[in-house]
1. Is it true that some residue in the range 47-64 is under 17 Å from the mean Cα position of the chain (by Cα), without any contact (Cβ under 8 Å) to a residue 12 or more places away in the chain and either surrounded by fewer than 19 Cβ atoms within 10 Å (Cβ to Cβ) or at negative phi (or both)?
2. How many residues are within 16 Å of residue 154 (Cα to Cα) and assigned to a helix (DSSP H, G or I) when one looks only at the range 184-219?
3. Among the numbered criteria (1) outside any helix (DSSP H, G or I); (2) within 19 Å of the chain's Cα centre (by Cα), which single criterion is violated by residue 30?
4. Restricting to the range 104-135, and then to whatever is closer than 21 Å to residue 218 by Cα and outside any helix (DSSP H, G or I), can you tell me which residue is nearest to the chain's Cα centre (by Cα)?
5. Given the structure, is residue 52 under 18 Å from residue 195 (Cα atoms) and either at pLDDT 95 or above or in contact with a helix residue (DSSP H, G or I) (Cβ under 9 Å, 6 or more places away or on another chain) (or both)?
6. For the condition loosely packed, with under 14 Cβ neighbours inside 10 Å and not in a helix (DSSP H, G or I), what is the one hit in 139, 96, 150?
């Protein structure tokens, strides 16, 4: 099937999925669950591409398998968190701001500022698993793909451990209001982000061995930019510094993203000092 047709079908599929989610959010008046479907949506695109593309079967299976392992774990984790904690205050703040400043109602605000943009950005981020399945040449794994597989598996495991450690920390009533600075969180303030980035650069390396897949670097590059400079570390940090006693000291001794020995001069330590708190899809250290 032609490249343009595959991408168009995938775009229509993800728009339809997020359109349905938007309708559901209208009924419950809460868009918070969209975070979980960011991950589920990538799994959907992995499978729709698998059904349409004529690439080398083994590469397709690896790309779909890694995306499914990453997406289902993260999606279920976030969906469970939404069910346990209820509406996310970040979305409440976003909707309240759009209503106050622009006069938008719930339907317009969630359609134009939540579900619409997330569908498009998901499609872009997921390009490696789409383009990597289309070209059948080469029929074999090279050094890039092998390294990419190892990096993606490491990323999935690293993010899973970080989320598990934070969940255990939050479940203990004695830790209420405290900063998580144990385990992987002692080496990085956002180890889940780091695992996410490793996963998608790994998937890209597998796709990059094909003529089309190499151009899908825009996906992990956009994800990395988002987490490091847009809706991840920078936009989350300032609010936590203000609201959590001890966070300043934690930030001073801990790398923002890339793992680094605690207490040493950490790269990227001060990201977010001049930013405002905003939306992010993942848990933080508090």
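The values are calculated or read from the model by the stated rules, or taken from the named source; none is laboratory data. Here the structure is a predicted model, which is why all the values come from computation and not from measurement. Neighbour counts run over all protein chains shown; Cβ positions are idealised from the backbone, glycine included.
1. So far as the range 47-64 goes, no, none of its residues is under 17 Å from the mean Cα position of the chain (by Cα), without any contact (Cβ under 8 Å) to a residue 12 or more places away in the chain and either surrounded by fewer than 19 Cβ atoms within 10 Å (Cβ to Cβ) or at negative phi (or both).
2. 17
3. The single condition residue 30 does not satisfy is (2).
4. 126
5. In short, no.
6. Exactly one residue qualifies, and that residue is 139.
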